1. Could you please find all residues in the range 112-130 being in contact with a Leu (Cβ under 7 Å, 6 or more places away or on another chain) and at pLDDT below 75?
2. Going through the range 132-165 one residue at a time, which ones are modelled with pLDDT under 75 and either open to solvent by 80 Å² or more (accessible area, probe 1.4 Å) or in contact with an Asp or Glu (Cβ under 6 Å, 6 or more places away or on another chain) (or both)?
3. What's the total number of residues in the range 277-302 that are within 24 Å of residue 254 (Cβ to Cβ) and not in a loop (DSSP other than H, G, I, E, B)?
4. Can you tell me which residue in the range 279-295 is nearest to residue 381 (Cα to Cα), limited to those that are open to solvent by less than 20 Å² (accessible area, probe 1.4 Å) and not hydrophobic (A, V, I, L, M, F, W, C)?
5. Considering only the range 307-315, I want to know if a residue exists there that is in a helix (DSSP H, G or I), closer than 20 Å to residue 382 by Cβ and at pLDDT 95 or above.
6. Go through the range 221-244 and report how many residues are open to solvent by 70 Å² or more (accessible area, probe 1.4 Å) and under 11 Å from the mean Cα position of the chain (by Cα).
7. Hey, can you tell me all the residues within the range 292-327 that are more than 23 Å from the chain's Cα centre (by Cα) and over 19 Å from residue 229 (Cα atoms)?
8. Looking at (1) surrounded by 15 or more Cβ atoms within 10 Å (Cβ to Cβ); (2) in contact with a His (Cβ under 9 Å, 6 or more places away or on another chain), which is the only condition residue 329 fails?
Amino acid sequence: MKRIINYTGLLFLLLLILNSCRQDEMVAEAQQQSEKVSKFGIFSNKKEGSLARENDMHYQEGFRYLYFRYFELYPEEAPDFEDTSIPQVDFRFATHVFYEEDSTKMVFYPIVQDGKVIELLGASLNADDTYLSFFFHQDGEFKDEAIASFERKQGPDREVEDTDIEEVVIPIYRPIHQQFPGYLLANFTLPGSGGCDKFGNCSGGGGDLPSPVLPQPQVTPCEQAQTASIKATDLSNHSEFNSTKATIAGMNNGLENGAVLGDVNGHITPTSIQTGSQYSIDLQHSFSNPVADIHNHSGNTPPSPGDFYGLITANNKYTTYTTRYVINPNGTVYALVVTNPAAMNAFLQQFPPSQPDPNVPPTFPQPLFNEWDDISFYNNDNKEMALAFMLDKYNTGIALTKMDGNGNFKKLNVSTNTSNGNTKYNITQCP
C-alpha cells in the first residue's frame, strides 16, 4: 500500500517548534536540573529499535514520524489523505541528508499531483537538535534537478512498501535552506524540562517511538479565518454572484429573497431567486456541489443566529457549502464562513439550536441567547458586535466577515475591557 500525505496539511506544520528534553550526562548532577537542553529525542536515540542507526536514514524517518504524529494528535486538522486528485507529499521517497555549514540537517520529499512531482517539501533540524521546521524550497537548479530525480525514481508503476523510504541522491550542489514567511500558520511552544516525561526519549534512551504531545496551535482569529475570507472574496468577484446580488437588492418587496450558488463543472451557477417571509427564508437547490448562498435582510441587520445555525446544517449536508452572504439595504454585505468544521460540530453538539416555534428561525439556546441579546442591547442594539463576539467566544468554527471598501471580506473581531464591573466591547476588522 502506498503512503502519501496531503500537501494542504503542510501549512499547519510550517515552522513547527517542538521541544522535549534530555539531561546532559556529562555535567554534574547538581547542574542537571538547571542545564537541561531541549532536544528531539527521536533523532538521538541509539538503542535497538529506535529511529537512529549507523546511517543517516533516521533523519528521513524522524521527520516523517513527526509529521504523522501531528495528525494523530490533531485529526480534525488532517486533510483527506485518500484524495489523489490534489497535491500530496509522497513520503515513500526522500533525498539524502544535506548538511549546512552550521551543521543544520535537511531532507527533501516530493510533492506529487496527477502522477507528477510538482514541488518539494523541505524539513530541517538545527545542529543541536532543538529546532525543527518544514518549508518549501525556492525555485532554482537544485529544485529542478531534485524534481527530475524523484520522477525518475518513482516511475509510472513504481511500488515501495508502506513503511520504507527509498533514498534519492541529488547529484548537484547542496541546496540553500529557504523558508517562506508567508506560509507561517502555526507556532508551537512546549513546556520546559519539567514536562520531560510527556514527550518520550527524554534522556536519549528507550527503544519505542516517542509520542511528543503538541499543544494547540496558537493561531490568531484573523489567521484562522483568512483562507475562508479569501474564498468568500473570490466568489463575490464572479459575475454570477454580482448579478444575483443586484437582482436581490433591487426587489424591495419587504421580504427576504435569495439564491444558492453551486459549482457546476467549474462554473458558478445560481438558482432562480427565491422569496421567503419578512424575517426568514428557506433556500432550496439541486446542486451536487453547492458552495454558498446569498439573501437580503429587509432591515440593516447582520446575519442572525438562525443564519448561523442554517449554515451549520448546510455544511453538514454538503462540505462544499461554506459561505452564507447577507446583504442590507444600505449596501453592507456580510459573509458567514466556515473555518473549522470539527469545532463547528463540537459547538453544535454542546449548544443545539432552540426553536420552540417552527415558524420562527432557530436561535441560540439559553443562556447563550441572553448573552447575545444583552451584548446587543447594551451596545446600542449592535447585533453585528454581539454575533461576532459569540462566534469567537464559543469557538463555533464559523466567523463573521464583512466586505470592506476594497471589496474584500475581513473577519470582525470583538475585544473587551472590564473596569469596576463594567465591560466595554470594541469591534474591529482584520487587516
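1. none
2. 139, 156, 157, 158, 159, 160, 161, 163 - these are the residues of the range 132-165 that are modelled with pLDDT under 75 and either open to solvent by 80 Å² or more (accessible area, probe 1.4 Å) or in contact with an Asp or Glu (Cβ under 6 Å, 6 or more places away or on another chain) (or both).
3. 4
4. 295
5. The answer is yes, given that some residue of the range 307-315 is in a helix (DSSP H, G or I), closer than 20 Å to residue 382 by Cβ and at pLDDT 95 or above.
6. Here the count works out to 4.
7. 296, 297, 298, 299, 300, 301, 305, 306, listed by residue number.
8. If we test residue 329 against (1) surrounded by 15 or more Cβ atoms within 10 Å (Cβ to Cβ); (2) in contact with a His (Cβ under 9 Å, 6 or more places away or on another chain), just (1) comes out false.
The values are calculated or read from the model by the stated rules, or taken from the named source; none is laboratory data. Source: prediction; values computed, not measured. Reconstructed Cβ throughout: ideal geometry from the backbone, glycine too, with neighbour counts over all protein chains shown. Each accessible area value is taken on the protein alone, full model and side chains, heavy atoms only, with ligands, DNA and RNA left out. Shrake-Rupley method; radii C 1.70, N 1.55, O 1.52, S 1.80 Å.
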